[in-house]
Each structure stands twice: as structure tokens, then as C-alpha cells.
């Protein structure tokens, strides 16, 4: 039970710290359109079509890929769940910092509650799966990896359900809230 609590606590703490960092990092005095982050995200933003089922599918598949990376690559030194949480936390904080507060809340909070929860759950599960896999390989502990995988995969299913809800909200409710 202690490992379970620690595996949940680590992604939550990393998420909060990276969100704060993203929010409070000094911003360049250049127009947002010239920022590196804008240039990276712009091609994806062009795929976003409010009130469209194809956007739901795109967002769900994109985030499903992120969850799979966090979970299935976790045995590689536990880097993938850490990276997923830090990157998403940073981007959430950064985007919140460049938008007016009312728009940031309307744009991020409704779907973010589900999306970030899904990422925390998947990363937590990835930490456990990765930890037990690494312990089996390095210390030759008697962990039954297939049993652990079966046990942890249920959390991935829960994450996927949350991501589907988040994609629907981001595609149909968020545009309404921000006036698109």
C-alpha cells in the first residue's frame, strides 16, 4: 500500500511543481506568435476544429499515445512517466500564464480536470509497472510481471475513459465557454 501511495504522490507533486514553473517562468518580451512553444504547437492547433467529432478523435488518440508512452516505456528507468507529467504540467502552467485568467480557467479547467487526472493515474501506474519490472531485471526479485501488468492495465483503461471525457469536453464545451 505504501508503494501505491508513493506512486500516486510522485506524479501529483511533479505536476504541481511543473505547473507552477510553467506559470511563473519569466516570459520573453516577444509576441506569442514568435515564441518557440507557439511554433511547436501551431501545427496541432490547426487540427483543432471546435464542435467536430474529428477533433474528439484526434485529441483522444493524441492523449492515448501519451498514456501509452507513460505506461509501456516506464521500465526504461521510469523516465517516461516523469517526462509526461512534467511536460503536461509545464504546458498547462505556461498556457495559463499567457491567457487572461478568466479565459485560462474556461479553456483549461473543464477538460483539464479529466485529462490531468488521467495522466496522473497512467503515470502512477507506469511508475509501479516500471519499478517492478526494473526490480525483477536488476535485483532478480520474484515479481510476476504479467500479473503486475494485468493489475496495472485496469488503471490505463480508467485513464482512457477520462481522456475520452476530456476530449469531448475540449471539443464541444470549451469552445462554447470561450466564445468560439
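Checked against (1) crowded, with 17+ Cβ neighbours inside 10 Å; (2) more than 15 Å from the chain's Cα centre (by Cα), residue 76 meets all criteria but (1). Being assigned to a loop (DSSP other than H, G, I, E, B) and loosely packed, with under 14 Cβ neighbours inside 10 Å is true of residue 28. The helices (runs of 4 or more DSSP H) found wholly in the stretch 47-154 and carrying at least 2 residues that are out of contact with any helix residue (DSSP H, G or I) (no Cβ under 6 Å at 6 or more places or on another chain), under 29 Å from residue 32 (Cα atoms) and without any contact (Cβ under 8 Å) to a residue 12 or more places away in the chain occupy 53-72, 101-139.
Any read-out appearing in this document is the output of simple, stated calculations on the displayed coordinates, not a laboratory observation. Please read these numbers as outputs of a predicted model, since none were measured by experiment. Here Cβ is always computed from backbone atoms with ideal geometry, including for glycine, and neighbour counts include all displayed protein chains.
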